[in-house]
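Notes follow once the structure below has been shown.
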Amino acid sequence: MSPEKLQAPRGTFDVLPEQAAARAAVEREARRIFEAAGYGRIETPTFEATELFARAVGESTDVVQKEMYTFDDGGGRSLTLRPEATASVARAAAEHSLLYGGGQRLYYIGPMYRHERPQKGRYRQFHQVGAEALGFTGPDIDAELLLMCARLWDDLNLAGVRLQINCLGSAAERAAYRKSLVSYLGSREADLDEDSKRRLRTNPLRVLDSKNPQMQALIAAAPRLLDVLGDDSLGHFEGVQAILKDAGRPYEVNPRLVRGLDYYNLTVFEWVSDGLGAQGTVCAGGRYDGLLEQIGGKAAPACGFAMGIERLLALLADPGERVSPDVYLVNQGELAERFAFRVAEALRDAGFGVVQHCGSASFKSQMKKADGSGAAVAVIVGDEEAQAGEAGVKALREERAQFRVKLETLPNAVADILFGDADEKGHS
């Protein structure tokens, strides 16, 4: 009896070769945009002390209460697979005194983990691209981050993504608003759904983020945080909007946008799409000026965002093409098999991508594989060619006669087929 076939855990997935090119294209474009704006890459561990997320994200949030993968490391220490990266970046900045010499612009790419119900574009292991600007106080850095996102959408030809922004004010303003909101919601508790009743006691601002259609009229009638903000908070928010208007980037103010993590203040934002069902957020973030001090670092302003790669890929009309090699190396015979390694390395030294056939197969079968690989050129080596230090060259995507050349001149011959001029790309 054969053993049961194992599968990837629910909410996870394998990235197969035909899917990897699209993911790489998104990551490559994000890196290019971030680095051009002066952001440097940071990498943090995939697991951290559980206390980091409890302090930073908030004990009462859904993330900490229900969604974290937490385990004992065998030595009595509680560790958690990171559900998000902002807390980790802040911890690294505090631990290594990154702000000692001034503000830091940072970005990251990597996997996150949350135990939640899988759905379109949402998984239990997912990947994020994010940027964090630490040590900058003004609305200009908030706008810079938003404009970087907009440029990425443009460069990926991602249509139908809308920007929503809001201002959460200061901690004191939010605390005062919380009292009036709790009073309003408490007077209508009988009309709340079960999730909102729970949030009313743990994190009442999150009630405003409910996606339940039956809750929308009640939420629309709730007091507005924007109506009780002071001049400093409103001035910061107006500064962000002014830069967006000057840049010609449309947006809408959503006074019910609160985000699900406790560390946010002032500007918060979401890029949303109608193409992902109920969970339509593609990218989200905001300002979190108190976070570094909250986790034991020196107080410093900060702002950032994160976007889900899987969600972006679900929206891309043309996710990209698989990368094909330049050359498929066909070989047959004992001498040819050994000589083929010299040929492959010579071509790679010259900058070409080469797939070398391995294993026994007929010449006809190998040529079929060469054609299916997408390569433009087949380089053919038999025992006769190996003895002479030569290789056959056959163009696979155009009508040209097959010919033989010495190994020393093979890169030029391949370049002539690929580029039309052996010197055009600098191959030798």
### Task
Could you calculate the contour length gain from His115 to Ala24, that is, 0.36 nm times the residue separation minus the distance between their Cα atoms, to one decimal place in nm?
30.2 nm
### Task
Tell me the label-point distance for the pair Lys197, Ala401, using the 7 Å Cα-to-Cβ offset, in nm and rounded to one decimal.
8.7
### Task
For Asp209 paired with Gln65, estimate the spin-label separation in nm (one decimal), with each label point 7 Å from Cα along the Cα-to-Cβ line.
1.2
### Task
Give the cross-link partners of Lys364 among the lysines, using a straight C-alpha distance below 25 Å as the criterion and excluding same-chain residues fewer than 8 apart.
Lys394, Lys406
### Query
Working out 0.36 nm times the residue gap between Ala171 and Ala388, then minus their Cα-Cα distance, what length gain in nm do you get to one decimal?
70.2 nm
### Task
Per DSSP H run of at least 4 residues, take -39500 (n - 2.57); add these up for the chain, divide by its residues and hand me the 222 nm value, nearest 500 deg cm²/dmol.
-11000 deg cm²/dmol
### Query
Spin-label point model (7 Å from Cα, Cβ direction): what's the Arg151 to Glu43 distance in nm?
2.5
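Quick one: pull the percentage of alpha-carbon pairs in segment 327-419 with a separation above 15 Å. Show your work: numbers first, answer last.
On the way: 2241 of 4278 pairs.
Summing the P(r) tail past 15 Å for segment 327-419 gives 52 percent.
Under the classification rounded if a/c is under 1.5, otherwise prolate if a/b is larger than b/c and oblate if not, where does segment 48-169 fall, given a ≥ b ≥ c as square roots of the Cα gyration tensor eigenvalues? Walk me through the numbers on the way to the answer.
Details: a/c = 2.00, a/b = 1.26, b/c = 1.59.
Note, shape of segment 48-169 comes out oblate.
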### Summary
Computed over segment 327-419, the relative contact order (Cα-Cα under 8 Å, seq sep at least six) in percent reads 31
### Task
Mind putting a number on the dipole of the chain about its Cα centre? Charges go on the C-beta only, +1 for Lys and Arg and -1 for Asp and Glu, and I need it in Debye to the nearest 20.
1160
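Within the chain, which whole H helices from DSSP have a Cα span along their axis of at least 27 Å and a mean Kyte-Doolittle hydropathy of -1.0 or more, if any?
Values: long enough: 17-36 (29 Å, -0.65).
Those that clear 27 Å and a mean of -1.0 are 17-36.
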### Query
Under 20 Å Cα-Cα from Lys5, which aspartates and glutamates qualify once same-chain neighbours fewer than 8 residues away are excluded?
Asp14
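At a temperature of 10 °C and a viscosity of 1.306 mPa s, determine how fast the chain diffuses translationally according to Stokes-Einstein, using the Kirkwood radius over alpha-carbon pairs as Rh; express D in µm²/s, rounded to the nearest whole number. Working shown, then result.
Numbers: Rh = 25.3 Å.
So the translational diffusion coefficient is about 63 µm²/s.
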### Query
Of Gln214, Pro45, Gly101, which is farthest along the charge dipole of the chain in the positive direction, counting Lys and Arg as +1 and Asp and Glu as -1 at C-beta?
Gln214
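Using 0.36 nm per residue, how much length does the chain from Phe13 to Glu345 gain when fully extended, once their Cα-Cα distance is taken away? Display every interim value, and only then the final one.
Working: separation 332, 0.36 × 332 = 119.52 nm, distance 3.44 nm.
Here the segment from Phe13 to Glu345 would lengthen by 116.1 nm.
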#### Entry: lysines whose Cα lies under 30 Å from that of Lys211, excluding same-chain neighbours fewer than 8 positions away
Lys66, Lys120, Lys179, Lys197, Lys245
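Coordinate-derived values only; no laboratory data. Predicted model, so just to flag it, every value in this text is computed and none were measured. We place every Cβ from the backbone using ideal geometry, glycine too, and count neighbours over all the protein chains shown.
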